[in-house]
Every structure is written in structure tokens, then in C-alpha cells.
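The values are calculated or read from the model by the stated rules, or taken from the named source; none is laboratory data. What you see is a predicted model; the values in this text were computed from it and never measured. Using ideal geometry, Cβ is built from the backbone for each residue, glycine included, and neighbour counts are taken over all protein chains shown.
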């Protein structure tokens, strides 16, 4: 994307507010490296393993209760979306978005380096446009049109 997706539009802080509005009591930012923790106002932990998938597995294995994931590039996610997620949402393009999964810590997650495998047994739910993530400048330009509405 040519820039840090987590800092665009202060999206990490915005997502935290939306998650709080939907009832999330504790927000933890997986910040990558310890040096990146100073970029965020929230509770941060550096990645716990070599891959994002393994880091997510390690973190969720340490948490009790309901867990709501949110990737830093979910620019359209809001409290309404978070309220409706049970399992792994599918975006408006029919793509499962496991980094927006909502699940109980007692549910079985698979240890893997691949995020799609970690949550493959979780049910699919509707997420629609708000569940889209952004990985390219072109996708971000499309998302910006929705942000301006």
C-alpha cells in the first residue's frame, strides 16, 4: 500500500471505538514489534511468533471469553458489523474474512501459519461490504468512496 495501513485514517483507534460500542471491554493491538507499540494509544503486545497466524493462535489461546478480531485494514467495519458477527463473516465479494472472526475462547482454533486454516471450522456469517479488507492502493481508493458517503 506504500504506507502503514494501521495508521491510515487512525483506523486502529476508530476500530477500538466501534468495538467498545458493540460491547468489547478489552482491546489488544497486535503491533508487530515492540518498537511499534508507541504508535498506538491502546494496550499493545508484539507478535508472539514468527507468523501472523501463529501469533494470533498464541494470543487467543491466552484469552478467556468472547473474542472479536479486527484487522487494521477493515476501514468500513463498525459496531453494527461487530454486533452481527458470529463466526467468520463473508464480505460482499464472497470472501471469508477470518481476521474479523467472533468466537468464544472455548471454540477450537487450529494451530497454523495460515490464518484461513486457523478458523476453517468456524461457521460463516454475513458481513457484507463492511467486512471488506484492503490490500492494494486500488482497493483503498474504492473503499475511500464509501468512507466519504
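Contact annotation: residue pairs with Cβ atoms under 7 Å, 6 or more positions apart or on different chains, pairing a residue in segment 123-149 that is closer than 15 Å to residue 4 by Cα with a partner that is assigned to a helix (DSSP H, G or I) and at pLDDT below 90, are 134/140; 134/143. Give the residue that is surrounded by the fewest Cβ atoms within 10 Å (Cβ to Cβ), with candidates limited to residues of segment 16-27 that are closer than 18 Å to residue 6 by Cα and in contact with a helix residue (DSSP H, G or I) (Cβ under 7 Å, 6 or more places away or on another chain). Across segment 16-27, the extreme among qualifying residues is 27. The set of residues in segment 84-108 being within 20 Å of residue 28 (Cα to Cα), part of a loop (DSSP other than H, G, I, E, B) and in contact with a strand residue (DSSP E or B) (Cβ under 8 Å, 6 or more places away or on another chain) consists of 85, 86, 97, 101, 105. If the condition is being in contact with a helix residue (DSSP H, G or I) (Cβ under 8 Å, 6 or more places away or on another chain) and surrounded by 12 or more Cβ atoms within 10 Å (Cβ to Cβ), then segment 129-149 contributes 129, 130, 131, 132, 133, 134, 140, 146.
Among residues that are farther than 20 Å from residue 101 by Cα and in a helix (DSSP H, G or I), residue 35 is included.
State all residues of segment 47-65 that are surrounded by 14 or more Cβ atoms within 10 Å (Cβ to Cβ) and either in contact (Cβ under 8 Å) with a residue 24 or more places away in the chain or over 18 Å from residue 112 (Cβ atoms) (or both); if no residue qualifies, say none.
52, 53, 54, 55, 56, 57, 59, 60
Among the conditions (1) part of a loop (DSSP other than H, G, I, E, B); (2) under 14 Å from the mean Cα position of the chain (by Cα), residue 16 misses just one, which is (1).
Over 13 Å from the mean Cα position of the chain (by Cα), surrounded by fewer than 19 Cβ atoms within 10 Å (Cβ to Cβ) and at negative phi: is that true of residue 109 in this structure? So residue 109 does not fit the description; no.
Return the only residue of 81, 76 being within 21 Å of residue 127 (Cα to Cα), in a helix (DSSP H, G or I) and in contact with a helix residue (DSSP H, G or I) (Cβ under 6 Å, 6 or more places away or on another chain). Selected residue: 81, the only one of 81, 76 that is within 21 Å of residue 127 (Cα to Cα), in a helix (DSSP H, G or I) and in contact with a helix residue (DSSP H, G or I) (Cβ under 6 Å, 6 or more places away or on another chain). Just wondering, is there one or more residues in segment 45-68 that are modelled with pLDDT of 95 or more and under 30 Å from residue 137 (Cβ atoms)? There is at least one residue in segment 45-68 that is modelled with pLDDT of 95 or more and under 30 Å from residue 137 (Cβ atoms).
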